[in-house]
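Step one of this worksheet: look at the structure below.
The values are calculated or read from the model by the stated rules, or taken from the named source; none is laboratory data. Everything quoted here is computed from the prediction, not taken from an experiment. Ideal geometry is used to build each Cβ from the backbone, glycine not excepted, and the neighbour counts take in all protein chains shown. Quick note on the areas: whole protein, heavy atoms, side chains included, nothing else; ligands and nucleic acids left out. Shrake-Rupley method; radii C 1.70, N 1.55, O 1.52, S 1.80 Å.
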Amino acid sequence: MDPITLVIIIACIIFLLLFLWLVPIGIWFQALISGVHTSLIQLIFMRFRKVPPSVIVNNMISATKAGLKVSQNELEAHYLAGGRVNTVVNALISADKANMNLDFKTCTAIDLAGRDVLKAVQTSVNPKVIDTPPVAAVAKDGIQLIAKARVTVRTNIKQLVGGAGEETILARVGEGIVTSIGSADSHKKVLENPDSISKLVLTKGLDSGTAFEILSIDIADIDVGKNIGAQLQMDQANADKNIAQAKAEERRAMAVAQEQEMKAKAQEARAKVILAEAEVPLAMAEAFRNGNMGIMDYYRMKNIQADTDMRESISKPVVKNDK
């Protein structure tokens, strides 16, 4: 085969493939026989707008067969905004079959908000059961109760944009259970009538501002926990005992400090006495030199001192040494 002919054949094949990719004749023919009106030029322009024609056309066919009117421009705009076109169309079809009032604008807003609009429609038709984690609360008699609840909810389509999720529902239900048990006079009344918890919780309107509507709250299980009241009393008694011991130790330390202070003062006084006694001989010598004291005065003073020492020795108890 001539090389020039081979090159021409390869170029024709490449041109044909590019033409078939650029001009989606198959998708246009599928839309035509499905009753969806779209022009071949619009499908070509979708390629330049980086919108896959198959996604738009297939969803338009699904909506048309379901009796819904959805424009091509709306689907393209939602795709270019980062939305999930297939999910939105399926949600609209499901809502229409369930006689739900859901328009295209609301549906796309929910999808762009990051929520699964198809799952929301399904939950609105088929309510969902949420199991709460164990919630511990204490009745007025000090007994702890651990309750588990099952919350039946369905989607509130109008609150999906900006509404709180399941975590908020669980937190509010747990708060309601704690309040209900805490207001009971005795844990026995709660065990006898567990439905009193669900009735009280339902009256609080816990689903306000959320993306769900609470249909029912059922108490699945209640277990008796610790005697918190007795434990608190024991802890208080131990705390009071520790405080009393600390105060007693403080008083003992103050007494010891006062005793040490008195001993120090006594030692200081004895030291002053010893110093004063040490100055007596000096004073006597000075008195002899100055002629203010005679020898008889000196002997008289020595006799008085000897008599005083004898009296002190007699007054002291006699200690016997056992051999």
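Express in Å², to the nearest 10, the accessible area of D103 obtained by rolling a 1.4 Å probe over the protein heavy atoms while all chains stay in place.
Accessible area of D103: about 80 Å².
For D103 and K263 in the same chain, what is the full-extension length gain: residue separation times 0.36 nm, less their Cα-Cα distance, in nm? Don't skip to the end; give the middle numbers.
Details: separation 160, 0.36 × 160 = 57.60 nm, distance 9.70 nm.
Once the chain is fully extended between D103 and K263, it gains 47.9 nm.
Determine which lysines satisfy two conditions relative to K50: a Cα distance under 27 Å, and not lying fewer than 8 residues away in the same chain.
K65, K69, K105
Please state, to two decimals, what the Cα-based radius of gyration of the chain comes to when divided by 2.2 N^0.38 Å (N = residues).
On the way: Rg = 50.9 Å, N = 323, 2.2 N^0.38 = 19.8 Å.
Rounded to two decimals, the normalised Rg is 2.57.
Among Q260, P134, I217, whose Cα projects farthest towards the positive end of the dipole of the stretch 127-270, with charges put on the beta-carbon of Lys, Arg (+1) and Asp, Glu (-1)?
Q260
Could you state the angle between the C-alpha long axis of helix 53-65 and the longest principal axis of the C-alpha atoms of the chain, as a value from 0 to 90 degrees rounded to the nearest 10?
80 degrees
Normalised by the residues of the chain, what does the relative contact order come to in percent, with Cα pairs under 8 Å and at least six apart? Mind showing how you got there, number by number?
On the way: 322 pairs, mean separation 36.0, N = 323.
11 percent.
Given Cβ point charges of +1 (Lys, Arg) and -1 (Asp, Glu) and nothing else, what value in debye, to the nearest 20, does the dipole of the chain about its Cα centre take? Numbers along the way, then the final one.
Details: 37 positive and 35 negative charges, 60 e Å.
The calculated dipole for the chain is roughly 280 debye.
From the phi of every residue in the stretch 288-294, what ³J(HN,Hα) in whole Hz does the Karplus formula 6.51 cos²θ - 1.76 cosθ + 1.60 yield, where θ is phi - 60° and glycine or proline is x?
After applying 6.51 cos²θ - 1.76 cosθ + 1.60, I find 4, 5, 7, x, 8, 9, x Hz.
My understanding is that a pair violates if its Cα-Cα distance is over 26 Å; which of K97/K119; K119/K199; K241/K265 do that in this structure?
Values: K97/K119 15 Å; K119/K199 29 Å; K241/K265 36 Å.
Table pairs above 26 Å Cα-Cα are K119/K199; K241/K265.
Computing the accessible area with a 1.4 Å probe over protein heavy atoms, can you report the carbon and sulfur percentage for the chain? Please report the intermediate quantities before stating the final value.
Details: 12550 of 21530 Å².
C and S atoms contribute 58 percent here.
Please compute the modelled spin-label separation between N126 and T308, points set 7 Å along Cα→Cβ, answer in nm with one decimal.
Result: 11.5 nm between the two label points.
Which aspartates and glutamates have a Cα lying under 20 Å from the Cα of K302, excluding residues fewer than 8 positions away in the same chain?
Filter leaves E277, E279, E286, E312.
State in Å² the accessible area per residue of the stretch 36-140; use a 1.4 Å probe, count heavy atoms of protein chains only, and round to the nearest integer. Don't skip to the end; give the middle numbers.
On the way: 5600 Å² over 105 residues.
Counting only protein heavy atoms, the per-residue value for the stretch 36-140 is 53 Å².
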